[in-house]
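Notes follow once the structure below has been shown.
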Amino acid sequence: TKASIGVTGLAVMGRNLARNLARHGHIVALHNRSEQRTRDLVEQFGDEGQFIPAYSAREFVDSLERPRQVVIMVKAGAPTDAVIEEFAPLLEKGDVIVDAGNAHFADTRRREAALRERGLHFVGTGVSGGEEGALHGPSIMPGGSKESYASLGPLFEDISAKVDGVPCCTHIGPDGAGHFVKMVHNGIEYSDMQLIAESFDLLRGALGYEPAQIAEVFRTWNTGRLDSYLIEITAEVLAHTDAATGKPFVDIVADQAEQKGTGRWTVQIGLDLGVSISGIAEAVFARSLSGSVGLREAGRGLPGPTRAPLSGAAAESFADDVERALYASKIVAYAQGFNQIQAGGAEYGWDIDLGAVASIWRGGCIIRAKFLDDIRAAYAAEPKLPTLLTSGDFRKAVDEAQDSWRSVVSTAVRLGIPTPGFSTALAYYDGLRAERLPAALVQGQRDFFGAHTYRRTDRDGSFHTAWAAEGRPESPA
Ligand code: NDP
């Protein structure tokens, strides 16, 4: 017997993906640079299904049925290139190499093009859900050719998370499309986490709630439209008490958020594509500021308003107001993320079905949420929707939330509670709504100092005003 798929790279992610495949009845070939990981897997989990351990690249390749499907799950970057180079020469035309690590989509495009030249399919695949997801059902975002999905798709759909019986896996599009979509997923994740963190800070700063009380608020929210994995785990984290000190866990954690880099990639690509993803950018910058230890040391104690917590009616409605502000800001975050996918699709010639993306994010991944089903429905009704904010239900929800949203942002500003996520989301919404933007003035300034020209509202063409001739004072020599 031969294996229908092989996994090389058996650290937490690869091991769990291999076990997931075996548990679903697929024969899985196993390989890892250092042999011990392969032996450990077979020893500890060999009874979960059929594994074919291999201790050389040749042995591994020979144990696979054709077309061979090799899943690489190693450290992203140079190690991925090294592993591709190890296996590619042993494979034959039509075989498939899958990179399921967190690659940058530009690397995936480069690798796909190079391997296509050699007659091999290369499938850059986003996998979300961490190690638990990999074992019990992740959200899977494969790019690459349609032909490769014909053989790979059924396997991946089989092991992915399911929502209402629908697999959280779909062919995203050619070459780097899968890794691009995974990148934006992570960017949205940053934004979602920042908004939730700001909600916590507001409830504490404006109402004086303790973390355990706020955990209860999140638990309640999790029974409604905000129902999501991130809200659920937030409640757990906030309810957790540090065993050593008896203090709320959140109070003994250093307040410096770290990052592995996918959020930063999302923002860099957003800038390259010229698409506003201000919510994601603020979330990344908020992490950067939190980690700027020296700078914060210098800034701590700068004058601000006195923080008298809210009282009376304002206090009573505040938690509900924050829920509405969070929901509206979250819609903006997703609207921006989906616009970035649209922009990436247009730039690289991918025909990405946004509704299908929302559908496969409903389960398995970190941003899984009830709300994604509404996004799926919005794109199903209108595939070319310019922004989620104009779709019927979201438009209505934001309209109903906006008084609360504005009031929460003004309370934050008045009390000096930093809410970059909420504030930028609201500013984006108001920018989108605006009849006219002050960009007209910016164009005037650009034309004045640099003769950059401008377009007019009443005539076609580009224009330049001779500013000096129209009374610009001569500057002194
Ligand atoms: P790591 O990223 O820690 O990578 C360890 C694995 O890479 C080991 O199998 C190691 O082999 C192998 N490796 C490293 N360098 C080389 C090399 N030069 N040649 C051959 N093999 C090499 O493992 P994870 O399981 O955490 O992640 C795997 C991939 O999945 C990464 O790209 C990661 O970004 C991505 N990912 C991780 C998630 C997570 O939650 N951890 C979630 C989603 C994606 P050896 O045992 O011999 O050292």
- [ ] Could I have the simple spin-label model distance between T306 and E48, label points 7 Å from Cα toward Cβ, reported in nm to one decimal?
- [x] 6.0 nm
Task: Translational diffusion of the chain, µm² s⁻¹ [Kirkwood Rh, Cα pairs; Stokes-Einstein; 4 °C; 1.567 mPa s] - done: 52 µm²/s
- [ ] Would you work out which of M193, I140, S151 lies farthest towards the positive end of the dipole of the stretch 139-238? Charges go on Cβ: Lys and Arg +1, Asp and Glu -1.
- [x] S151
- [ ] Let me have the relative contact order for the chain, percent, based on Cα pairs under 8 Å that are six or more residues apart.
- [x] 13 percent
Task: More than 18 angstrom apart: percent of Cα pairs within the stretch 278-345 - done: 65 percent
- [ ] Name all residues of the stretch 357-373 having a backbone nitrogen under 12 Å from the label point set 7 Å from the Cα of D227 along its Cα→Cβ direction, giving them as ranges.
- [x] 369-373
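Could you provide, to the nearest whole Å², the per residue accessible area of the chain with probe 1.4 Å? Walk me through the numbers on the way to the answer.
Values: 22450 Å² over 477 residues.
Spelled out: the 1.4 Å probe surface of the chain, per residue, equals 47 Å².
Would you calculate the volume per residue, in Å³, of the smallest convex hull containing every Cα atom of the stretch 107-170?
Numbers: hull volume 5.3 nm³, N = 64.
Roughly 83 Å³ of hull volume per residue.
For an R0 of 30 angstrom, estimate the FRET efficiency from the Cβ-Cβ distance between E59 and A243 and round to the nearest 0.05. Walk me through the intermediate numbers first.
Working: r = 47 Å, r/R0 = 1.58.
Efficiency, rounded to the nearest 0.05: 0.05.
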Task: All lysines inside 24 Å of K384 as judged from Cα atoms, apart from same-chain residues fewer than 8 positions distant - done: K146, K182, K330, K370, K396
TODO: State which stretch of the chain is the longest one without any exposed chymotrypsin sites (Phe, Trp or Tyr not before Pro), exposure meaning a DSSP loop state and at most 16 other Cβ atoms within 10 Å.
DONE: 56-466
Open item on the list: Modelling each spin label as a point 7 Å along the Cα-to-Cβ direction, I'd like the E258/H452 distance in nm, to one decimal.
Closed with: 4.0 nm
Open item on the list: Could you tell me the ratio Rg/Rh of the stretch 1-45? Both radii from Cα atoms, Rh via Kirkwood.
Closed with: 0.93
Open item on the list: For the stretch 348-445, I need the span (max minus min coordinate) of the C-alpha atoms along each principal axis, in Å, sorted largest to smallest.
Closed with: 39, 37, 25
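Based on DSSP, what percent of beta bridges with both residues in the chain are antiparallel, to the nearest 5? Could the numbers behind the result be given before it?
On the way: 10 of 30 bridges.
Percent antiparallel among DSSP bridges in the chain is about 35.
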TODO: Work out the length of the dipole vector of the chain about its Cα centre, built from +1 on the beta-carbon of each Lys and Arg and -1 on the beta-carbon of each Asp and Glu, and round it to the nearest 20 debye.
DONE: 600 debye
TODO: Over the Cα atoms of the stretch 145-239, compute the convex hull volume and normalise it per residue, giving Å³.
DONE: 108 Å³
TODO: Among G49, G392, A468, pick out the residue whose Cα is farthest towards the positive end of the charge dipole of the chain, where Lys and Arg carry +1 and Asp and Glu carry -1 on C-beta, about the Cα centre.
DONE: A468
TODO: Tell me what the chain gives for mean residue ellipticity at 222 nm when only DSSP H runs of n ≥ 4 count, each as -39,500 (n - 2.57), the sum divided by the residue total, rounded to 500 deg cm²/dmol.
DONE: -18000 deg cm²/dmol
Open item on the list: Would any residue of the stretch 38-76 have its amide N under 15 Å from a label point 7 Å out along Cα→Cβ of A11? List them or say none.
Closed with: 38, 72-76
Task: Which of S63, H26, L10, positive extreme of dipole for the stretch 8-65 (C-beta unit charges) - done: L10
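Measure off, as a whole percent, the carbon and sulfur share of the 1.4 Å-probe accessible area of the chain, all protein chains present. Write down the numbers at each step before the final one.
Values: 11610 of 22450 Å².
Carbon and sulfur together cover 52 percent of it.
Given the Cα-Cα distance of K396 and Q36 and 0.36 nm per residue of separation, how much length would full extension add, in nm? Working shown, then result.
Working: separation 360, 0.36 × 360 = 129.60 nm, distance 5.67 nm.
Full-extension gain reported as 123.9 nm.
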Open item on the list: Can you give me the distance in nm between label points at E131 and R116, each placed 7 Å from the Cα along the Cα-to-Cβ direction?
Closed with: 3.7 nm
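The values are calculated or read from the model by the stated rules, or taken from the named source; none is laboratory data. These numbers were taken from a predicted model, which means no experiment stands behind them. When we count neighbours, we look across all protein chains shown, and the Cβ atoms used for this are built from the backbone with ideal geometry, even at glycine. These accessible areas exclude ligands, DNA and RNA; they are computed on the full protein's heavy atoms, side chains included. Shrake-Rupley method; radii C 1.70, N 1.55, O 1.52, S 1.80 Å.
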